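K.L.:
Dropping the structure in here first, questions after.
The values are calculated or read from the model by the stated rules, or taken from the named source; none is laboratory data. Source: prediction; values computed, not measured. Neighbour counts run over all protein chains shown; Cβ positions are idealised from the backbone, glycine included. SASA here: full protein model, heavy atoms, side chains in, ligands and nucleic acids out. Shrake-Rupley method; radii C 1.70, N 1.55, O 1.52, S 1.80 Å.
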Protein chains: 2
Amino acid sequence: MNRSPKKQNEIEERETTILDVAARVFLSDGYHSLNMENIADEIGCSKGTVYGHFRNKEDILMELASRGVEKRAEMFSQAAAFAGRPRERMAVLWMSIELYVRAYPEYFASELILRTETLREKAAPERQEFMRGCENRCIQIVAGIVRDGVALRDLHLPDGMSDEELAFGVWSLTYGAHGLLQTGTPMKSMGVKNPFQSILYNANIMLDGVGWKPLSTELDYQSIQKQAAKTLFEDEVKLADRR
Amino acid sequence: MNRSPKKQNEIEERETTILDVAARVFLSDGYHSLNMENIADEIGCSKGTVYGHFRNKEDILMELASRGVEKRAEMFSQAAAFAGRPRERMAVLWMSIELYVRAYPEYFASELILRTETLREKAAPERQEFMRGCENRCIQIVAGIVRDGVALRDLHLPDGMSDEELAFGVWSLTYGAHGLLQTGTPMKSMGVKNPFQSILYNANIMLDGVGWKPLSTELDYQSIQKQAAKTLFEDEVKLADRR
DNA sequence: CGCCATTATTGACGTTTCGTCATTTTCAGC
DNA sequence: GCTGAAAATGACGAAACGTCAATAATGGCG
């Protein structure tokens, strides 16, 4: 006996429902409020059925995080394909991170909590593997833009520094900043009035630091970013504004 | 009847013991293996006694994190007091972060997991408050160095950017990088062969980006850092090497 | 249709951890 | 030794975990 397409579909749909419910609960009530039994109750099936889809809550979070990183990889690709010089493409990519974090906070929160390795390793190995792949893809896209910039002689890397290493720095800056923001750290009281703005400024500073032309003094990256947001990431802009 | 000094002492000692045990368990076996009952067993007292000291495991982690941030604030102070120009002091401060992360991984791991707000808020409010204070102190020290640099005209902040905003960027870069490293993300396979080195390079790039003199091309910050490590942070260097 | 074989679903169960609190123990001071 | 305050204990109920034998649903087939 085979699984009918109808049944197949039902199962896939349920998986989506589980993830939706989990995302909502996790975002609003946090890690400890997220549990398999509640999810089951809420979608009207039994605990065992939920366990049929995911081995535990970390596994659910890993799936959410994976979808997030996948989505981000997609946004990165679009940003990297922006018509313009490498540094402009990098600027657009930065902006895409902000949009990602604001449009999909449940994904980003999942990513963040899974930074803790002992939580991460509870998820199914395949899911861990998949996640790593997506993360890799993201950093490779960033490194690719750096490579293009170097090839066009728009920037020179310091001696002994690779494309990936600069990409690592760029990534650390934005990731760290958004991570710090995510938590209740009261940036504003610390003198950072507009954190998102601040991140973009700092990112520009960083690229000016390797002399990546056109420098931030020579080109208005902010308006390029605004423009690109509208054309490339209409959906995310809407989502981000709604949150 | 009053508490005798002897008893007082015993209680304080036990608090330390609890933290030691918790730090060890958390670092080696992770969040879920850390629980009040095991701690009690291991130090030979009852669960209730442990609960007398901390309201739950997040509270213990918060205390560990606080001690960490306190320690870091102390290291930052020393770095900031280094005899040299502001940018040299900043370079020393950076190195101190690396030493901190490597010498006290249990503290840093506690900090990281408490980035998740719903975990953080389970700790006692006083502890949360204390932690915030320490974090604030750290960023203020960084901002102070920026301020000195500006005052000496070693750098000019871009229009509309405050000391704290640059400090936020600097902090994000290093924090994000160390956070990414902490997890199993295989940086090496991504082309980042020496991550710690890489962080320092990127940090230099960032300060070059605001034209902070002397530029990294004009002064060998790495040897200043090495030198300072030996004189200012002897203990941490030893600890870091042992890990 | 009715039966079978297979797959999906269920929820009771044993286990673990949580956090509380009534009870017992300890001990300084008299 | 007695006493009363402070400290320590561990039994307890609640909650979540993850499993698995039993039950239900379903598609294929005569």
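K.L.:
Quick one: P(r) of region A:1-53 from all Cα-Cα pairs, 5 Å bins, percents rounded to integers, in order of increasing distance.
P.N.:
4, 20, 27, 22, 13, 7, 4, 2, 0
K.L.:
Scattering from the C-alpha atoms of region A:69-151 alone, worked out with Debye: what is log10 I(q)/I(0) at q = 0.12, 0.24 1/Å?
P.N.:
Here log10 of I(q) over I(0) equals -0.40, -1.13.
K.L.:
Let me ask another. Find how much the distance from A:Asp41 to A:Ala151 grows on full extension, using 0.36 nm per residue of separation minus their present alpha carbon separation; answer in nm with one decimal. Numbers along the way, then the final one.
P.N.:
Values: separation 110, 0.36 × 110 = 39.60 nm, distance 5.65 nm.
Length gained, A:Asp41 through A:Ala151: 34.0 nm.
K.L.:
Leaving out ligands, DNA and RNA, calculate the buried accessible area for the pair A and B with a 1.4 Å probe, summed over both sides, in Å² to the nearest 100.
P.N.:
On the way: alone 12780 and 12770 Å², together 21190 Å².
Using a 1.4 Å probe on protein heavy atoms, the buried area is about 4400 Å².
K.L.:
Related question: Once you average over the residues of A:175-183, how many Cβ atoms of partner chains fall within 10 Å of each Cβ? Mind dumping the intermediate values first?
P.N.:
On the way: counts 7, 12, 7, 2, 7, 9, 2, 3, 5.
The per-residue average across the peptide is 6.
K.L.:
Principal axes first, then extents: for the Cα atoms of region B:126-187, list largest minus smallest coordinate on each axis, whole Å, largest first.
P.N.:
Each principal axis gives a Cα extent; for region B:126-187 these are 41, 37, 18 Å.
K.L.:
So, one more: Tell me the Rg and the Dmax, in Å, that the Cα atoms of region A:105-243 produce.
P.N.:
That works out to 17.2, 49 Å for Rg and Dmax.
K.L.:
Which value does Rg/Rh take for the protein assembly as shown over its C-alpha atoms, Rh per Kirkwood? Spell out each step's value before the answer.
P.N.:
Working: Rg = 23.7 Å, Rh = 24.0 Å.
Rounded to two decimals, Rg/Rh equals 0.99.
K.L.:
For peptide A:114-126, compute the average count of partner chain beta-carbon atoms within 10 Å of each residue's beta-carbon. Walk me through the numbers before you get to the answer.
P.N.:
On the way: counts 1, 10, 10, 8, 11, 5, 3, 2, 3, 0, 0, 0, 0.
Per residue, the number of nearby Cβ atoms from other chains is 4 on average.
K.L.:
Applying a 10 Å radius around every beta-carbon, put A:106-112, A:149-155 in order of their mean neighbour count, most first. Write out the running numbers ahead of the final one.
P.N.:
On the way: A:106-112: 23.3, A:149-155: 15.1.
The packing order, highest mean first, is A:106-112, A:149-155.
K.L.:
Another question, then. Using the Cβ atoms and a cut-off under 9 Å, what net charge is assigned to the surroundings of B:Lys122, where Lys and Arg are +1 and Asp and Glu are -1? Before the final figure, lay out the partial values.
P.N.:
On the way: positive: B:Arg55, B:Lys57, B:Arg120; negative: B:Glu58, B:Asp59, B:Glu121.
So the environment of B:Lys122 carries a net charge of 0.
K.L.:
Determine the calculated [θ] at 222 nm for chain A from helices alone, applying -39500 (n - 2.57) to every DSSP H run no shorter than 4 residues and normalising by the residue count; nearest 500 deg cm²/dmol. Could the numbers behind the result be given before it?
P.N.:
On the way: 12 runs with 178 residues, N = 243.
About -24000 deg cm²/dmol.
K.L.:
I'd like the carbon and sulfur percentage of the solvent accessible area for region B:1-53, probe radius 1.4 Å, heavy atoms only, ligands and nucleic acids excluded.
P.N.:
On the way: 1530 of 3340 Å².
The C+S portion of the solvent-accessible surface of region B:1-53 is 46 percent.
K.L.:
Another one. Quick one: P(r) of region B:52-98 from all Cα-Cα pairs, 5 Å bins, percents rounded to integers, in order of increasing distance.
P.N.:
6, 21, 20, 15, 11, 9, 8, 6, 3, 1
K.L.:
Could you do me a favour and compute the accessible area per residue for the protein assembly as shown, 1.4 Å probe, result in Å²?
P.N.:
On the way: 21190 Å² over 486 residues.
Dividing the accessible area of the protein assembly as shown by its residue count gives 44 Å².
K.L.:
Here is a further query. Express the relative contact order of chain B as a whole percentage, based on alpha carbon pairs under 8 Å and six or more residues apart in sequence.
P.N.:
Working: 234 pairs, mean separation 53.1, N = 243.
22 percent.
K.L.:
Out of the total accessible area of region A:202-243 (probe 1.4 Å, heavy atoms of protein only), what percent is carbon and sulfur?
P.N.:
Carbon-and-sulfur percentage of accessible area, whole number: 49.
K.L.:
To continue, here is another question. Cross-link partners among lysines for B:Lys57, C-alpha distance below 16 Å, same-chain residues fewer than 8 apart left out?
P.N.:
B:Lys47, B:Lys122
K.L.:
Taking every Cα atom in chain A, find the radius of gyration and the maximum pairwise distance Dmax, and write them in Å.
P.N.:
Spelled out, the Cα radius of gyration and Dmax of chain A are 20.1, 68 Å.
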